[in-house]
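S.K.: Quick one: the structure is below, questions incoming.
The values are calculated or read from the model by the stated rules, or taken from the named source; none is laboratory data. In this text, all values refer to a predicted model and were calculated from it rather than measured experimentally. Cβ sites come from the backbone with ideal geometry, for glycine too, and all protein chains shown count toward neighbours.
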Amino acid sequence: MKFIKAADAGAPKTEEILSPRTIIWRRFRRNKIAMISLYVITVLILLAVFAPMIAPYERDDINLQYREQPPSAEYLFGTDRNGRDLFTRNLHGGRISLSVGIVASSIQMVIGVVLGSLAGYFGKWVDAVIMRITDMVLSFPFLALAITGAAILGPSIYNTMIIIGLLSWTETCRLVRGQFLSIKQMEYIEATRSLGFNEIRTIWRHMLPNAMAPILISATLIMANAVLIEAALSYLGLGVQPPIPSWGNILEPARSMDVLMRMWWLWLPPGLLIFISVLSINLIGDGLRDALDPRLKN
Amino acid sequence: MRIYILRRLLQVIPTLVGTTFIIFIIINAAPGNPMSTLVDPTISAEAIERRIEQLGLDRPLLERYGVWLRETFQGNLGYSTRYRGRPVTDIIQSRLGPTMLLTFSSIFLSFIIAVPIGVISATRQYSKLDYTVVVGAIAGVSIPVFFLGIVLIWLFALQFGWLPVGGMMRAGARYPSWFAWAFDVLRHLVLPLITLTAAGTARFVRFTRSSMLEVVRQDYIRTARAKGLSERVVIYRHALRNSLLPVVTILGLSLPFLFSGAVITEAVFAWPGMGTLIIEAVTTRDYSLLMGTNLFLAVLVILGNLVADLVYALIDPRIRYD
């Protein structure tokens, strides 16, 4: 019962039965930085979801009369070289950038969890083959291969999601494998075997939930990374293609020194937005690690 | 020990084969064939057909992979279309120097900055300082590399005019002495180096800190303290040495990350290395060059990991070689 007391120091003395989720949440809530990050990312996600309603203009509306306008009351973030409202485009850009992050990290999670649990559960040659594949993918400089893949498949939102997903599952795979190797030795897994459960059910219902904590932590970190990579690819013109805006491709014109020099409002806000969202996701991941790691109980 | 080295060396073979195969498959997934961009459009379809047959482009995939692999092992990576038939190996050679200069000075610099910060932060776990370091390191890995580069260019090159905006030396400059040349390269190196080092330092700080925290909890550290050694000796003599061991592996594992960072840093600063070469190859659809650069970087990473593993085995007597 020491566990409950430690997590719940200020509570009344009557024994309160807490679910693990409540304990984790209470621990997470005490971490101020992680909580602020959670608020920030929630706001950013809400802005992205409701972008069409919040945005003062149409996303791709070109107004050549008002090109390259600095920020003003009318155009909060100024306008770009085609006279499109940058506040609107940054709102919509968040929609794209954050969805790429979420979808790409979901793709990698599915691949990583499936391969990792196969390797960890079945061991032997299955493990050997999967670990060799993991080594191969790990030995590619991520961005070089992502650029190559984007160029071959043709740059688009979906290809960006797929490429990032296909290249970033290795960490999850190794993690799940490691977890499975140790969980496999537990008595409750032996119990499932003696009860005659089939293996898929054992993996899915009994092993995976117990391996979930580290997977979740690494998923947040990988998602932060996915947002960064999408931004880098789009900045290089190999990710999301205009007129669809993403935070990365709004910045793209700043590759020209002239634009960089004259139009700070073009590159500063999307750059900061990427930074802030990636930072919050990373800090949430860090807070989750502290909340979930039983070694850091106190 | 010998068996461990041998086994580790043998492990490289399937990885290399698999890696080359992945690259081959990806490049072959490109739409069209090399002929569609190479030849004069007025040439008849039959002539193109004949040429494709001559070049063996109609053979099955595995056969072509075999031929390509054989040539690659003989040091022939094909010829660039963008550089008018220059051998790819030649071009890579000319770009290798700048990339190595950038990445290795960045590794060196991040290491030197990160280790003391990580150690100090770990010895004062949960202090204000430690907190700042942890959050700062997370911030460091959260900045988009290209955005940091842009901000630096804007500030130090465009606003203040202290440093050049990009490239590795002044265009068309002739240097009176070797020293003047080195100084100019150094001036061009400053901003890309800071950009690349920021993220690297942040990563290494986190590794050093967690590795140090791990070591400080060990029994032999308690023993050292119990012996009455001063805290300085305990930390810097006993703990630091052991906590730096895994950092060797991390250095090896960080190579792909560093090269990735270098690709984008080079792109931002027009640094004439492998990164800009890949982007050039992509934008001009120069497939041999693209294949060559990807292959080269991948092999470099595999060898880097191999060296890191072997060095680790050499310096850590606790590793069992079964």
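S.K.: Please find, among A:I162, A:I130, A:I189, A:I200, the residue that is farther than 30 Å from B:E280 by Cβ, at pLDDT 90 or above, out of contact with any Phe, Trp or Tyr (no Cβ under 7 Å at 6 or more places or on another chain) and aliphatic (A, V, I, L, M).
M.R.: Just a single option satisfies the conditions, and that option is A:I130.
S.K.: Can we say A:I102 is within 14 Å of chain B (Cβ to nearest Cβ) and part of a helix (DSSP H, G or I)?
M.R.: No; evaluated as a whole, the condition is false for this residue.
S.K.: While we're here: Report whether or not B:A224 is of a type in the set (G, A, S), within 11 Å of chain A (Cβ to nearest Cβ) and over 12 Å from the mean Cα position of the chain (by Cα).
M.R.: no
S.K.: On the basis of being closer than 16 Å to B:F259 by Cβ and either in contact with an Asp or Glu (Cβ under 8 Å, 6 or more places away or on another chain) or surrounded by fewer than 21 Cβ atoms within 10 Å (Cβ to Cβ) (or both), does B:I113 make the cut?
M.R.: no
S.K.: Identify, by number, the condition in (1) part of a helix (DSSP H, G or I); (2) without any contact (Cβ under 8 Å) to a residue 24 or more places away in the chain that A:L76 doesn't meet.
M.R.: (1)
S.K.: On the basis of being in contact (Cβ under 8 Å) with a residue 60 or more places away in the chain and within 29 Å of B:I117 (Cα to Cα), does B:L196 make the cut?
M.R.: The answer is yes for B:L196.
S.K.: Would you mind stating whether B:V299 is assigned by TED's automatic domain parsing to the domain that holds B:L148 and within 25 Å of A:D135 (Cα to Cα)?
M.R.: Yes: the conditions hold for B:V299.
S.K.: Among the residues of the stretch A:81-94, is any assigned to a helix (DSSP H, G or I) and either within 13 Å of another protein chain (Cβ to nearest Cβ) or touching a Gly at 6+ places or on another chain (Cβ under 7 Å) (or both)? Steps first, answer last, please.
M.R.: From the stretch A:81-94, those assigned to a helix (DSSP H, G or I) are A:86-94; that's our starting set.
Remaining after also requiring either within 13 Å of another protein chain (Cβ to nearest Cβ) or touching a Gly at 6+ places or on another chain (Cβ under 7 Å) (or both): A:86.
Taking every residue of the stretch A:81-94 in turn, at least one turns out to be assigned to a helix (DSSP H, G or I) and either within 13 Å of another protein chain (Cβ to nearest Cβ) or touching a Gly at 6+ places or on another chain (Cβ under 7 Å) (or both).
Here's the yes/no breakdown for (1) surrounded by fewer than 19 Cβ atoms within 10 Å (Cβ to Cβ); (2) at the interface with another protein chain (Cβ under 10 Å from one of its Cβ atoms):
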{"residue": "A:V113", "(1), (2)": "no, no"}
{"residue": "A:V129", "(1), (2)": "yes, yes"}
{"residue": "A:L145", "(1), (2)": "no, yes"}
{"residue": "A:I152", "(1), (2)": "no, yes"}
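S.K.: Related question: Take the residues in the stretch B:231-288 that are assigned to a helix (DSSP H, G or I) and of a type in the set (K, R); name whichever of them is nearest to B:T81 (Cα to Cα).
M.R.: Selected residue: B:R241.
S.K.: Condition (residue is within 26 Å of A:A232 (Cβ to Cβ) and either within 14 Å of chain A (Cβ to nearest Cβ) or hydroxyl-bearing (S, T, Y) (or both)) applied to the stretch B:171-185: is it met by at least one residue?
M.R.: No, because not a single residue in the stretch B:171-185 is within 26 Å of A:A232 (Cβ to Cβ) and either within 14 Å of chain A (Cβ to nearest Cβ) or hydroxyl-bearing (S, T, Y) (or both).
S.K.: Shifting gears a bit: Considering only the stretch B:127-164, state which residues are part of a loop (DSSP other than H, G, I, E, B) and facing chain A (nearest Cβ under 10 Å).
M.R.: Passing the criteria: B:I143, B:P144.
S.K.: What are the residues in the stretch A:117-145 that are within 24 Å of A:E230 (Cβ to Cβ) and in contact (Cβ under 8 Å) with a residue 24 or more places away in the chain, if any?
M.R.: Hits for the stretch A:117-145 are A:T134, A:V137, A:L138, A:F140, A:F142, A:L143.
S.K.: Take B:L255 and tell me if it is free of Cβ contacts under 8 Å to residues at least 60 places away in the same chain and either more than 8 Å from every other protein chain (Cβ to nearest Cβ) or surrounded by fewer than 24 Cβ atoms within 10 Å (Cβ to Cβ) (or both).
M.R.: Criteria met by B:L255.
S.K.: A follow-up question, please. Can you tell which of A:I217, A:I164, A:I189 is surrounded by 15 or more Cβ atoms within 10 Å (Cβ to Cβ), out of contact with any His (no Cβ under 7 Å at 6 or more places or on another chain) and more than 18 Å from A:P141 (Cα to Cα)?
M.R.: Of the residues listed, the single one that is surrounded by 15 or more Cβ atoms within 10 Å (Cβ to Cβ), out of contact with any His (no Cβ under 7 Å at 6 or more places or on another chain) and more than 18 Å from A:P141 (Cα to Cα) is A:I217.
S.K.: From the list B:L163, B:L155, B:L213, B:L193, which one is crowded, with 20+ Cβ neighbours inside 10 Å and assigned by TED's automatic domain parsing to the domain that holds B:F111? Walk me through how you get there before you give the answer.
M.R.: Numbers: B:L163 fails: crowded, with 20+ Cβ neighbours inside 10 Å; B:L155 fails: crowded, with 20+ Cβ neighbours inside 10 Å; B:L213 fails: crowded, with 20+ Cβ neighbours inside 10 Å.
Just a single option satisfies the conditions, and that option is B:L193.
S.K.: Out of the residues in the stretch B:95-126 meeting the condition of being among the hydroxyl-bearing types (S, T, Y) and assigned to a helix (DSSP H, G or I), tell me which one is nearest to B:E231 (Cα to Cα).
M.R.: That would be B:T123.
S.K.: Next question, about the same structure. Looking at the stretch A:193-234, which of its residues are without any contact (Cβ under 8 Å) to a residue 40 or more places away in the chain and charged (D, E, K, R)?
M.R.: Result: A:R193, A:R201, A:R205.
S.K.: Okay, moving on. With respect to A:R59, determine if the residue is surrounded by fewer than 18 Cβ atoms within 10 Å (Cβ to Cβ) and not hydroxyl-bearing (S, T, Y).
M.R.: no
S.K.: Output the number of the condition that B:R86 fails; it satisfies all remaining conditions of (1) within 21 Å of B:M168 (Cβ to Cβ); (2) within 14 Å of chain A (Cβ to nearest Cβ).
M.R.: For B:R86, the exception is condition (2).
S.K.: Any residue at all in the stretch B:116-129 that is free of Cβ contacts under 8 Å to residues at least 12 places away in the same chain and either of a type in the set (K, R) or touching a Pro at 6+ places or on another chain (Cβ under 9 Å) (or both)?
M.R.: yes
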